[in-house]
2 protein chains.
Amino acid sequence: MTKSKASPRKANAADIEEGTAFAPKFDADGLVAVVVTSAETGEVLMLAHMNSEALARTLETGEAQFWSRSRKRLWRKGEESGNTMCVVEMRTDCDQDALWLKVEMAGVGACCHTGRKSCFYRAVRSGKGGTSLTFVDAEKVFDPEKVYGHANVAKGTLKTQD
Amino acid sequence: MTKSKASPRKANAADIEEGTAFAPKFDADGLVAVVVTSAETGEVLMLAHMNSEALARTLETGEAQFWSRSRKRLWRKGEESGNTMCVVEMRTDCDQDALWLKVEMAGVGACCHTGRKSCFYRAVRSGKGGTSLTFVDAEKVFDPEKVYGHANVAKGTLKTQD
């Protein structure tokens with residue numbers, strides 16, 4: 001499956017910002033950035049990308065699909081882990097170059113391939129000693145080795161697993 | 001001011017996902033995607049980008065700065081409108097190619113250049129008649145024409161204003 005290129009938008013600027021026509025703006029790679037939050041808690045779960053096909057399938061099925069930049073293929077979130085995402089609401093922003101999905105997680109409710117609920121499990125903190133990361137809300141909900149069957153999935157070598 | 005290119009990361013995959021070293025992954029354009037939420041309400045306010053300089057200045061000052069892709073320059077959010085963002089917490093994701101800022105808004109508390117609290121003021125809805133947008137949480141907090149002094153700022157021709 002190849003990455004589909006989006007055709008140029010035809011809507012004018014006023015329509016894009018103040019109209020009701022959906023005219024998503026894909027970037028040079030045919031992608032739009034998508035922020036995903038939990039419909040239940042409001043927590044940011046992940047930031048991913050969609051091409052036009054992933055967007056169309058998400059709208060059609062109600063289940064979140066993305067374009068995996070690392071695997072270079074369409075990616076039904078949770079296709080392997082069972083942690084799929086049911087879209088409760090989709091929003092777009094003022095210039096329609098970003099999407100926000102509010103989702104309900106299926107499976108064990110963990111979004112991140114490392115086994116955690118959210119991909120954002122570390123805070124960036126700066127001080128006299130420089131800038132470093134602190135683990136927050138980092139409890140693992142599942143063991144990625146058991147779910148994906150790869151010993152090194154949680155070590156970053158298999159980030160392409162969902 | 002030119003867009004600064006990030007140097008390649010030196011950390012290995014395991015360190016990137018499970019370590020405490022901050023090693024943000026900038027894309028080919030030297031940018032990292034940043035989702036901004038309200039520290040008060042949890043609402044997604046905007047999705048923007050930082051280059052390494054914007055990130056460094058944000059960490060140094062505690063006030064959100066971005067790289068404006070349309071203006072091609074560093075952009076201190078609220079520099080014109082007064083609606084600046086005080087960073088309460090910054091997080092990064094598993095592979096450190098995205099950031100999440102929880103912010104407190106200054107000024108009148110509106111993030112979007114159209115005068116609204118959030119840039120995500122329209123829901124994408126699909127039905128028998130196709131896919132269209134519905135305004136939600138779309139009340140204007142300020143009049144962009146008065147704030148920016150341009151008659152067409154809210155019509156999309158001056159999206160580059162913050």
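Can you list residues whose amide H is under 5 Å from B:Asp27's amide H, if they're 5+ apart or on another chain and H is modeled 1.01 Å from N?
B:Val32
Which value, in Å² rounded to 10, gives the accessible area of B:Asp93 with a 1.4 Å probe and all protein chains present?
Number for this one is 10 Å².
Take chain B, connect every pair of alpha-carbon atoms lying under 10 Å apart with a spring to form a Gaussian network, then pick out the residue of B:Leu59, B:Leu133, B:Leu101 with the largest mean-square fluctuation.
B:Leu133
Under 14 Å between alpha carbons, and skipping anything fewer than 8 positions from B:Lys72 in its own chain: which aspartates and glutamates qualify?
B:Asp29, B:Glu53, B:Asp162
Would you pull out the residues with amide H under 5 Å of A:Glu63's amide H, same chain only if 5 or more places away, H placed 1.01 Å from N?
Residues meeting the amide H criterion: A:Val87.
Mind putting together the pair-distance distribution for the protein assembly as shown? All Cα pairs, 20 Å bins, whole percent per bin, short to long.
All Cα pairs, binned at 20 Å, distribute as 32, 60, 7 percent.
Output, in nm with one decimal and in ascending order, the distances from the A:Thr61 label point to the matching label points of the other copies (7 Å from Cα along Cα-to-Cβ).
List, nearest first: 4.4 nm.
Looking only at B:Thr37, B:Thr61, B:Thr134, which one moves most when chain B is put into a Gaussian network model with springs between Cα atoms under 10 Å?
Between B:Thr37, B:Thr61, B:Thr134, it is B:Thr134 that shows the largest mean-square fluctuation.
So which residues in segment A:14-31 end up with at least 10 square angstrom less accessible surface once the other protein chains are there, compared with the chain by itself, probe 1.4 angstrom?
By number: A:Ala14, A:Glu17, A:Glu18, A:Gly19, A:Thr20, A:Phe22.
Over chain A, with a Gaussian network built from C-alpha contacts below 10 Å, which listed residue (A:Val124, A:Val36, A:Val108) shows the highest mean-square fluctuation?
Maximum fluctuation in the GNM of chain A, among the listed residues, is at A:Val124.
What are the extents of the Cα atoms of segment B:1-118 along their three principal axes, listed from largest to smallest and rounded to whole Å?
Result for segment B:1-118: principal-axis Cα extents of 43, 32, 21 Å.
Treating the angle as unsigned and between 0 and 90°, give the value, to the nearest 10°, between the Cα long axis of helix A:52-61 and the longest Cα principal axis of chain A.
That works out to roughly 80 degrees.
Mind scanning B:Lys25/B:Lys146; A:Lys25/B:Lys128; A:Lys140/B:Lys77; A:Lys117/B:Lys140; A:Lys77/A:Lys128; A:Lys117/B:Lys128 and naming the pairs with a C-alpha gap bigger than 30 Å?
B:Lys25/B:Lys146; A:Lys140/B:Lys77; A:Lys117/B:Lys140; A:Lys77/A:Lys128; A:Lys117/B:Lys128
So the label point sits 7 Å from Cα along the Cα-to-Cβ vector; using that for A:Glu80, what distances do you get to the other copies, in nanometres, sorted shortest first?
A:Glu80 label point versus its equivalents elsewhere: 4.6 nm.
The values are calculated or read from the model by the stated rules, or taken from the named source; none is laboratory data. Everything quoted here is computed from the prediction, not taken from an experiment. We place every Cβ from the backbone using ideal geometry, glycine too, and count neighbours over all the protein chains shown. Keep in mind that these areas ignore ligands, DNA and RNA; they rest on the heavy atoms of the full protein, side chains included. Shrake-Rupley method; radii C 1.70, N 1.55, O 1.52, S 1.80 Å.
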